[in-house]
Each structure stands twice: as C-alpha cells, then as structure tokens.
Amino acid sequence: MILQYQFSTTKPIFTLPEVDKIISMGEANLEDAKIDSTEAAIQNHRSSSISWFKRNADTEFIYKPLLQMIYLENVNNNWNFDYDAIEDLQFTTYGPEQHYNWHSDQRSVPYTDGDKFLRGKIRKISFSVLLNHEYEGGEFEFEVGAPHEENRTEVVQVKTGEAIVFPSFTFHRVRPVTKGKRYSLVGWICGKPYR
C-alpha cells in the first residue's frame, strides 16, 4: 500500500505531571518483554521491560486524549482506516543496550481469542508516546524507502509527551539505548481486516 503519509508526529498529548504519573504507574508492574507470548530469541530481537494499562477509571486520563489523537491523525493523514477497538496500552522501558529490532505490529491473522472486542480484528494504527529525554541512543527508526533506494530509513524524533503515529504494517525499530533509560507508551488501534 502506497500512502501519502507513512507516519506523523503530534503535539504534546500529556502534561509533564501526567507523564510523571504514567511513568510511576508503569514502573509499578514491570516484566520482561516477550514476542507473541514467547521468549524465543528474545534477546537478539527484543530486550526491554513492559507493563500494561487496562482501560478503567484510573487510566481514562491516558486513553481519552490518545483516542482523540488517533481520530485526528487517521483523518489528517488520509489513511481513513476503519477501526473500532484499542488494545491495552503497553508501557515500555529500555535501559542500556536494550532495543527492539526491525518489526511491524500488524498481525498475520485476526485475533481469535482473548479480549472479545478484539476477536476477528487486526492492528491498523500504531503509536508510541515518548515519556522522557534523559537517555542517549534509543532512536525510533522507520523503513520508508523502496529496495532500490540508498536511504531506506528515517529516524524520527519527538519531545516528551508527543507521539509518533503510523500504520501498523510499517516496519520500524528502536535502536539500542546507550545511556540512561528510555520510557514510552505504546498502543494499537484495531479493526476488521482490510477488504
């Protein structure tokens, strides 16, 4: 699929006190990250710690502005994807030498189990909100070029509280952090498979 805009960045979605609250909530229940619920070859492909935010009264201050942002980005980028669900939000930390190699977020088949609101659906829009700047390395990078192009990737930088938004089929990675700790909030917007 050739898109006019392969990704976009936003203005700040959260205030600095809200960012601090999100980090505090996220650090309370960290676990090692997995890929498709397995740990096979995890260190070579992905190395980070995560926790999950379910949608409830305590997290609505996070979900509400994110859903408003997704609506606007979907329209303004002329993606116009049909969607009707959001997965639980993932809080992610990357310490020194931690990373997430090239991958896309889109599933090869629709969900068949788990959350009843996700069954039969695929990921369509992904987003990553940066929650701090006290680190080095950890650049967010997209594969944007065609195979014959010399410069096939683009590093995208945002400020604390801002988001990077992109179709879930887009290949991307987080380069290794070299100093400090990188915090982000990641999410996926889902809908019925493309027709």
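Bear in mind that the values in this text are calculations on the coordinates, not laboratory data. As the structure is a prediction and not an experimental result, all values here were calculated from the model. No Cβ is skipped: glycine too gets one built from the backbone with ideal geometry, and neighbour counts run over all protein chains shown.
For region 58-70, backbone phi angles converted through the Karplus equation (6.51, -1.76, 1.60; θ = phi - 60°) give residue-by-residue couplings of 6, 10, 4, 5, 8, 5, 4, x, 5, 5, 5, 5, 4 Hz, Gly and Pro being listed as x.
About its Cα centre, what dipole magnitude does region 87-195 give when the only charges are +1 on Lys and Arg Cβ and -1 on Asp and Glu Cβ, stated in debye to the nearest 20?
On the way: 15 positive and 15 negative charges, 109 e Å.
The dipole of region 87-195 has a size of about 520 debye.
Legend: calculated FRET efficiency, SER51 to GLU136, from the Cβ-Cβ distance at R0 = 22 Å, rounded to 0.05, equals 0.40.
Which of the lysines could a cross-linker bridge to LYS159, judged by Cα under 16 Å and excluding same-chain residues fewer than eight apart? Cross-link targets: LYS11, LYS181. The helix-based estimate of mean residue ellipticity at 222 nm for the chain, built from -39,500 (n - 2.57) per DSSP H run of four or more residues and divided by its residue count, is -5000 deg cm²/dmol to the nearest 500.
For region 73-176, the residue among VAL75, PRO176, VAL155 whose Cα projects farthest onto the positive side of the dipole built from Cβ charges is VAL75. Applying a DSSP loop filter and a limit of 13 other Cβ atoms within 10 Å to the trypsin sites (Lys or Arg not before Pro) in region 49-132 leaves LYS54, LYS116. The equivalent ellipsoid that matches the C-alpha gyration tensor of region 60-109 spans semi-axes of 25, 17, 12 angstrom, in descending order. Note on the chain: dipole from Cβ charges, positive end direction compared against LEU185, GLN4, TYR94; the farthest Cα belongs to GLN4. Rg/Rh for region 36-195 (Cα atoms only, Rh after Kirkwood) is 0.95. Charged side chains reduced to their Cβ positions (Lys and Arg at +1, Asp and Glu at -1) give the chain a dipole of some 440 debye around its Cα centre.
Within region 148-188, the ratio Rg/Rh, alpha carbon atoms throughout and Rh by Kirkwood, equals 0.98. Of all DSSP-defined beta bridges confined to the chain, some 95% are antiparallel rather than parallel. The phi torsions of region 74-84, fed into the Karplus equation with coefficients 6.51, -1.76 and 1.60 and a -60° offset, translate into couplings of 4, 6, 5, 8, 6, 6, 6, 6, 7, 8, 7 Hz, rounded to whole numbers, with Gly and Pro shown as x.
Each part gets one Cα centre, and for region 137-177 versus region 63-104 those centres are 13 Å apart. In a fully extended conformation the segment linking ASP20 and GLN6 would gain 2.1 nm over its present Cα-Cα distance, using 0.36 nm per residue. On the principal axes of its alpha-carbon atoms, region 1-107 has extents of 37, 36, 24 Å, going from largest to smallest.
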